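Since every read-out is calculated from the coordinates, none of them should be taken as a lab result. Remember, it's a predicted structure, so these values are computed and weren't measured experimentally. Virtual Cβ from ideal backbone geometry, glycine too; neighbours counted across all protein chains shown.
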Amino acid sequence: MKNVMKGICLAVGLAVSAGAAAHAVRYKPFVLGHETTGSMQSAVTATRKALATHGFTLVGQYAPIPGAVVICATDPELLQAAAHARRNGGFGAVQRISLTQVGNTIQVSYANPTYVGVAYGLGALPATVANLKAALGAQMDFGSRRGLTRGDLKPGNYHYFIGMPYFENVDHIRKFKTYAQAISTIKHNLGAHVDGTSLIYEVNVPGTKLPTTVFGVGLSQGHGRDAKVLSVTEYRKHKGTAYAPYEMMVVGRRVIALRPRYRIAVNFPDTPMMGSHGFMTIMSAPAAIRHTLAHVAGRH
């Protein structure tokens, strides 16, 4: 009996230790896949080919800032996780990969699927992680000096500061009479480049209770434009250009978007509040992004 009790205590102790270790793991928002030289065009072509070879469906591409290209892609695991997430999973249905010219090299980086998986409640996404590593490499995680624990990052926990929004606190942009009307309006306005916007991708998320479509929106005008946000947040050696594009999502008849004060902060959690590279420098960006997305949805 004594030996049995010792065995039980040992098993419990190991389980507690494993749980504590998992909780102590820290996550960072971006992954540097590799660095390359040569022309941007050649690097983009090679990146697109590598992604397609490793099971990704390419859904969009654009240049949010000079000297950089963002490629958007999805895969079956991302779509399945997005469909089965408890709430707002579609915001994580598309992977963002950036190529950014830094001096004589091009940084090929991507939004860290493990980080996004925790933050958006999508799970571990092991296939996506493995396929991105095989396609593009995984030299280092970056975007936060210490990183965030699972407890810090998960939905309902992460916010930049007291009073700032959480993942669940989405902006309700507009409610339409029908899903088809919502899709038609958004596509028309993005095609017309309302407020300097552009359609980067349109992805349907299969298997959801309500028909769900996520749009990638390029922002080229106003205080919330991609270039403005990145000019403030991207001053460090490794570039998180894969912050862009911004997402808006149609769920049934509703159009929603992550609140900019959450969406920007979760991608750049170490950004200070004050200073030339602080959030106060782009304090007008959240309202500008909301207004732009409202115009895309036909609200004026």
Two-decimal log10 I(q)/I(0) for segment 136-182, as the Debye equation yields it once each C-alpha is a single scatterer, q = 0.23, 0.25, 0.27, 0.33 Å⁻¹: -0.90, -0.98, -1.05, -1.19
Helix-derived mean residue ellipticity, 222 nm - over the chain, DSSP H n ≥ 4, -39500 (n - 2.57), to 500: -11000 deg cm²/dmol
Sequence of F161, F142, F215, F167 once ranked by neighbouring C-beta atoms within 10 Å, starting from the fewest: F161, F142, F167, F215
Residues Q41 and Y166, FRET efficiency given R0 of 30 Å [Cβ-Cβ distance, rounded to 0.05]: 0.15
Cα-only Debye scattering, segment 55-140: base-10 log of I(q)/I(0) at q = 0.13, 0.18, 0.22 Å⁻¹: -0.42, -0.77, -1.06
Residues in segment 81-103 reached by a label modelled at A130 [backbone nitrogen below 16 Å; 7 Å Cα→Cβ]: none
Gain on full stretching of the segment that runs from A83 to K154 - 0.36 nm per residue minus C-alpha separation: 23.8 nm
Backbone HN-Hα couplings from phi across segment 106-115 [Karplus 6.51/-1.76/1.60, Hz, Gly and Pro as x]: 10, 7, 9, 10, 7, 4, 5, x, 5, 5
FRET efficiency estimate (nearest 0.05) - Cβ-Cβ, R299 to T57, R0 25 angstrom: 0.20
Kirkwood Rh and Cα Rg combined as Rg over Rh, evaluated for segment 54-209: 0.97
Pairs beyond 20 Å (Cα-Cα), from K28/K228; K28/K237; K28/K239; K28/K49: K28/K228; K28/K49
Where trypsin sites (Lys or Arg not before Pro) in DSSP loops with at most 15 other Cβ within 10 Å are excluded, longest remaining stretch of the chain: 1-85
Cβ-based net charge around T128, under 11 Å, with every Lys or Arg adding one and every Asp or Glu removing one: -1
Virtual spin-label span in nm between R146 and M283, 7 Å along Cα→Cβ: 2.7 nm
Cut-off under 5 Å, modelled amide H: who pairs with I173 long-range: V255, I256, A257
Mean separation of Cα contacts under 8 Å (6+ apart) over length of segment 29-296, as relative contact order %: 22 percent
Rh by Kirkwood over Cα pairs, then Stokes-Einstein D for the chain at 0.692 mPa s and 37 °C, µm²/s: 165 µm²/s
Local net charge near M40, Cβ-Cβ under 14 Å (Lys/Arg +1, Asp/Glu -1): +1
Modelled FRET efficiency - R0 51 Å, R236 with L210, Cβ distances, 0.05 increments: 0.80
